[in-house]
Amino acid sequence: MFSRLFIFSFSLALVGCTSSGYSPEEKLPSDTLFLSEVQERGARLERRALRLDTVWEEVRLLGRTVILAHAQAQVHSRVPGFIEGIFVREGQYVHAGQVLFGLYSSQVVELERQYGEARQRYLAAVRRAAQQESLRAGQLTTLAEVAAAQAELRQAQSQLRALETQLRLVGVQPDTLGGVPGVELRAPISGYVTQVTASIGQYILPEQSLAHIANPYDLHADLYISERELGWIKPGLEVRLRFPAIPDLPPLSTRVEYVAQMQDSVGTHLIVHVRIPPTGYPLFAGIPIEGYIRRPLGRGFLVPSEALGYRGREAYVFVWATKGGWVPVPVRELRRDSLVWIAGEDLKEGWIIAWRGAAFLASQLWQVAEE
């Protein structure tokens with residue numbers, strides 16, 4: 001099982017400062033700090049308006065790439081025989097229908113002999129049926145003889161078609177009579193040959209695997225989750241994918257296809273299954289991958305850590321009063337990352353606060369006052 005890491009990121013919409021302010025001093029009995037223009041410039045204070053925004057939690061899930069069954073194939077023969085030719089190598093890209101192996105099979109020799117005999121019987125039955133029809137037209141034969149000739153023709157045709165089907169199933173075209181018949185084993189799908197297990201002259205059995213083909217351009221991924229994610233991860237959620245081992249590959253965007261339970265050699269896991277968009281790279285199964293899924297935690301105010309001043313363990317933001325001066329407003333820190341998610345009963349959207357330099361204001365208001 002892979003480790004999991006939670007990363008909290010926040011979306012932020014900024015608004016410019018305006019001259020119109022609110023009157024927090026009318027509702028918040030507190031000290032007001034007045035600074036001169038020189039002090040404000042020296043403290044490098046920055047003012048911005050508070051705005052409610054959606055707070056997101058970004059969850060990082062670890063997993064690996066997988067190739068599903070429909071994008072993999074085994075190459076094998078339906079009859080026993082000897083490998084006469086190998087026309088492919090490991091790592092080679094092949095197209096569906098491309099010849100990969102040549103096979104000599106005594107069973108195919110026997111099938112073709114039977115096919116030749118069946119074809120001769122069929123042609124003889126065709127001539128006999130035509131002859132009986134001609135004689136019937138001249139009233140030189142009976143209906144029973146005509147019917148017998150037609151029945152013989154149908155039987156010969158049925159036997160011929162059955163042998164044609166058997167030859168095609170083993171990779172031989174039935175119209176290639178004469179010479180030593182060879183079986184051509186072709187690629188069932190397009191993809192890269194990941195393994196070749198045959199050698200020239202090797203005797204093989206039916207259904208014995210000779211090569212494995214995988215289509216790396218139809219790639220998927222399984223991302224591991226725990227039980228607590230089952231309540232909110234649903235099909236259709238957007239997922240941002242990243243390959244840590246391939247830094248040149250930019251992040252990819254996809255969506256959750258399904259959530260399921262899977263079992264492997266390690267044990268049973270809960271997974272989020274996603275399809276990896278085309279990358280242009282021949283990526284194979286087993287490559288480590290990271291998936292990032294965001295979920296909303298709620299609405300709140302997002303500020304930088306420089307917007308918070310402290311008095312002991314109490315956190316404050318400094319609001320610009322309508323009549324001038326900075327008024328401290330107590331807040332609670334709900335979550336801290338690159339920005340701080342804060343809440344306060346007295347906070348209002350649109351208030352102008354000290355976006356940077358709150359620590360300086362706190363030191364001026366309380367430390368200087370205490371001295």
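Values quoted throughout were computed directly from the atomic coordinates according to the rules given, and no laboratory measurement underlies them. This structure is a prediction, so every number in the text was calculated from the model and none was measured. Heads up, the Cβs are rebuilt from the backbone with ideal geometry, glycines too, and the neighbour counts pull from every protein chain shown.
Pairs of alpha-carbon atoms within less than 8 angstrom and 6+ residues apart define the contacts here; what relative contact order does the stretch 60-164 have, in percent?
Computed value for the stretch 60-164: 23 percent relative contact order.
Taking Cα atoms, how many degrees apart are the long axis of helix 143-169 and the longest axis of the chain, rounded to 10 and kept between 0 and 90?
Roughly 40 degrees, rounded to the nearest 10.
Report the relative contact order of the chain, percent, no decimals, based on alpha-carbon pairs under 8 angstrom and at least 6 residues apart.
27
Pairing the Cα long axis of helix 106-137 with the longest principal axis of the chain, what angle in degrees results, from 0 to 90 and rounded to the nearest 10?
Rounded to the nearest ten degrees, it is 60.
May I ask which residue of Leu143, Thr54, His273 lies farthest towards the positive end of the charge dipole of the chain, with charges of +1 (Lys, Arg) and -1 (Asp, Glu) on Cβ and the Cα centre as origin?
Most positive-ward Cα: Leu143.
Of the candidates Asp264, Asp218, Asp346, which one comes out as most mobile in a Gaussian network treatment of the chain with C-alpha springs shorter than 10 Å?
Asp264
Given Cα positions, please report Rg to Rh for the stretch 254-371, the hydrodynamic radius being the Kirkwood one.
1.27
So, in Å, what gap is there between the alpha-carbon centers of the stretch 205-229 and the stretch 236-256?
The two parts, judged by their Cα centres, are 19 Å apart.
Once the stretch 106-170 is represented by equal point scatterers at the alpha-carbon sites, with solvent omitted, what log10 I(q)/I(0) does the Debye formula produce at q = 0.11, 0.12, 0.21 Å⁻¹?
Each listed q maps to, in turn, -0.33, -0.38, -0.77.
Under 10 Å, Cα contacts only: if you run a Gaussian network model on the chain, which one of Gly42, Gly280, Gly191 comes out with the highest mean-square fluctuation?
Of Gly42, Gly280, Gly191, the most mobile in the Gaussian network model is Gly42.
In a GNM of the chain with a 10 Å cut-off on Cα contacts, which of Ser36, Ser265, Ser338 has the highest mean-square fluctuation?
The residue that fluctuates most here is Ser265.
For Lys348, Lys323, which order do you get if you count the other beta carbons within 10 Å of each Cβ and list the fewest first?
Ordered by Cβ neighbours within 10 Å, fewest first: Lys323, Lys348.
Along its three principal axes, how long is the stretch 235-322 when you only count alpha carbons? Whole Å, largest extent first please.
61, 32, 25
List the trypsin sites (Lys or Arg not before Pro) within the stretch 77-117 that fall in a DSSP loop (any state other than H, G, I, E or B) and whose Cβ has at most 11 other Cβ atoms within 10 Å.
Filter output for the stretch 77-117: Arg89.
Over the chain, what per residue volume does the convex hull of the Cα atoms give, in whole Å³?
Dividing the Cα hull volume of the chain by its residues yields 255 Å³.
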